[in-house]
Amino acid sequence: MYPNPNYALAATLLAQLQHCGCRRVVISPGSRSTPLAHTALELSGFQTYVLTDERSAAYFALGLSRAERTPAILICTSGTAAANYFPAVIEAAQGMVPLLMLTADRPPTLRHRGAPQTIDQVELYGRYPRFFGETPSATEANMVERVRALALRAYLAAVAQPGGPAHLNVPFDEPLAPVASSAANAAFAAATPLDPAVRPPPRFELRAATLQIVRDSQCGLIVAGPGAAGDERAAHALHFQARQLGWPIFADVLSGLRFAGDPVIPCYDILLRNAELSTLSPDVVLAFGAHPTSKVLNQWLDAQREAYTLRVQPHGLVQDPTHRATETIVAECEEFCAALTAGVTAARDSWLLEPFQRGTGALNSLLSAWNPDDDAAAELAYVFAALRSLAPDTRVILANSMSIRYADAIAGQSGTRLQAYGLRGANGIDGTLSHAAGIAAAATTAAVLFTGDLAFLHDLTGLMAARRFAGNLSVVLFNNDGGGIFHFLPVHETGRHFETLHGTPHGLHLRAAAGLFDLDWEFAASPSELAARLQTPARRARVLEVRTNRDANYAAQQRLMARFAAAAAT
């Protein structure tokens, strides 16, 4: 049935994780991980992906996990292979995305003895994993029961609130190749998988004083940061709650609510630049999700110190970097909304709703008449035209640093529902292409990544993942020969050493990657041309390159935002 005891251990571990609900396994081949890798390929029911670069593989798995809200499994060999998972582990922890790392290792007796390809992998990722465990030797007594219990604990830690990564270190002694062992087979065959049972969060009760504050509010506001609505049920509950209260929702592009319709205010980043609207103040703020993307919104909220800010989140981790929260409630979104609806049976519309709706209407009128080709120096114009052209339910992946800011400022005008994703746990540019390829690989619809050239270059091996597993992925590449975000930061005003340290021009012909990775590569010379190209379905993974100038983009962006904000005058 199964080969040597190492294979029985691997089968026990992977079969338990499969029983828990895991379906996708990302493998980076090596020698020490052979029992795990072979077993993953042999077990029916797993979708497997083989990527030789562990750093890319980890972000690809992160994309799979984020798209399906189910932990993907990562498998690698011993040594520094496992260390290459670390950036994605950090992102999974801070982005609260479930992920399972199975790192093969040499026997503990070889640690700290100068053995080749041997490092200390015990708790390699520090405090970032929600759980760490090490499997016993494949020949130890009660191996099957102990491995199943460890696998179950790792899975439950990854999917419980707050979701995140879990790490199992798996030492294997030789032989690593198949050798018959009837005793190991008998032990595995007699085992019964353990059923997972996720413990719900403790019940909560809304304080009478809190309910009264909401009832008495005249200028209520809902702020939905990234991840505010983890699924469709949460999005529906929060949207329904906003309509019942008559409160506007400032919905981050990654909140899960941006495209839900009224009373969502999609372009608050622009509206809050308007001198009149920026003077309005909420008296109560219901805050969901992580720290919002928009700097304009964050600065405005930080100035509202007299507002009663009620933060609602499904876990106990602190997500309040500027200390806005007056009260924090740990509850699932649907549960909180149901309790609030029961406790606030009648409410007046917020006095903020009508002016922000009027501002939105005025801005929409301008945008509906705007020809983005007239402002083709601005990368924002390309993003606007592209988003407006996409089919419903397209997966939109937004890279740090500027792409997500463009979309957060302008997305949501067309009425088309899109599904937006980003790497906002640590806000880095690591793994941008690989993460997008993972999301695309889990999708049945088209996927579009918006990224800058530095993030593109930082993860070139992600193109291998895209070519092999994400034929539905279109990469919109803004090539401005360097780091465009720094033109929007105070360091740009100093001038001294700016290009060397921040502009960082690379001077590369990026199209050369098309031949290396066998990709389709096209150029878009205008926003309308980009939109037209995106309306043609991808035959395989492709790059749509937009060449811009950083200085011209900065100046055009400033002009556009000023014009848009002025148009929103109420």
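The values are calculated or read from the model by the stated rules, or taken from the named source; none is laboratory data. Computed from a predicted structure; not experimentally measured. Glycine gets a Cβ as well: all are built from the backbone with ideal geometry, and neighbour counts include every protein chain shown. Surface accessibility is based on the protein's heavy atoms, side chains included, excluding ligands, DNA and RNA. Shrake-Rupley method; radii C 1.70, N 1.55, O 1.52, S 1.80 Å.
In the set (1) farther than 21 Å from L398 by Cβ; (2) touching a helix residue (DSSP H, G or I) at 6+ places or on another chain (Cβ under 7 Å), Y59 fails one condition alone, (1).
Among the residues of region 385-408, the ones that are under 18 Å from A67 (Cβ atoms), in contact with a helix residue (DSSP H, G or I) (Cβ under 8 Å, 6 or more places away or on another chain), open to solvent by 10 Å² or more (accessible area, probe 1.4 Å) and in a loop (DSSP other than H, G, I, E, B) come to 1 in all. A count restricted to region 213-244 and to residues that are over 20 Å from the mean Cα position of the chain (by Cα), surrounded by fewer than 24 Cβ atoms within 10 Å (Cβ to Cβ) and part of a helix (DSSP H, G or I) stands at 11. Taking helices (runs of 4 or more DSSP H) as the structural unit, those lying wholly within region 481-570 and holding at least 3 residues that are in contact (Cβ under 8 Å) with a residue 12 or more places away in the chain correspond to 512-517, 527-534, 550-567.
Residues in region 472-483: is at least one within 30 Å of R24 (Cβ to Cβ), open to solvent by 60 Å² or more (accessible area, probe 1.4 Å) and touching a helix residue (DSSP H, G or I) at 6+ places or on another chain (Cβ under 6 Å)? Looking through region 472-483, none of the residues is within 30 Å of R24 (Cβ to Cβ), open to solvent by 60 Å² or more (accessible area, probe 1.4 Å) and touching a helix residue (DSSP H, G or I) at 6+ places or on another chain (Cβ under 6 Å). Applying the criterion of being small (G, A, S) and over 30 Å from T279 (Cβ atoms) to the residues of region 328-373, the residue that is surrounded by the most Cβ atoms within 10 Å (Cβ to Cβ) is A331. Of the residues in region 271-278, not one is within 21 Å of the chain's Cα centre (by Cα) and either more than 27 Å from L387 (Cα to Cα) or not polar (S, T, N, Q) (or both). Across region 271-308, the qualifying residues are those that are more than 18 Å from S255 (Cα to Cα) and of a type in the set (S, T, Y), and the one among them that is surrounded by the fewest Cβ atoms within 10 Å (Cβ to Cβ) is T279. Could you tell me which residue of region 296-342 is farthest from L280 (Cα to Cα), considering only residues that are without any contact (Cβ under 8 Å) to a residue 24 or more places away in the chain and polar (S, T, N, Q)? Among them, the one singled out is T328. Residues that are of a type in the set (A, V, I, L, M) and out of contact with any helix residue (DSSP H, G or I) (no Cβ under 6 Å at 6 or more places or on another chain) were ranked within region 74-91; the one that is surrounded by the fewest Cβ atoms within 10 Å (Cβ to Cβ) is A83.
The listed residues are V448, V491, and the only one of them that is open to solvent by less than 50 Å² (accessible area, probe 1.4 Å), at pLDDT 95 or above, closer than 26 Å to A381 by Cα and not basic (K, R) turns out to be V448.
Residue-by-condition table, conditions (1) within 22 Å of V97 (Cβ to Cβ); (2) open to solvent by 10 Å² or more (accessible area, probe 1.4 Å):
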position: I410; (1), (2): no, no
position: Q419; (1), (2): yes, yes
position: L433; (1), (2): yes, no
position: D453; (1), (2): no, no
position: A465; (1), (2): yes, no
position: L501; (1), (2): no, yes
position: T504; (1), (2): no, yes
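With a requirement of 2 or more residues that are modelled with pLDDT of 95 or more and touching a Lys or Arg at 6+ places or on another chain (Cβ under 8 Å), the strands (runs of 3 or more DSSP E) lying completely within region 1-110 that satisfy it span 47-50, 72-76, 99-105.
Residues in region 153-191 that are among the hydroxyl-bearing types (S, T, Y) and modelled with pLDDT under 75 were compared, and the one that is least open to solvent (accessible area, probe 1.4 Å) is S181.
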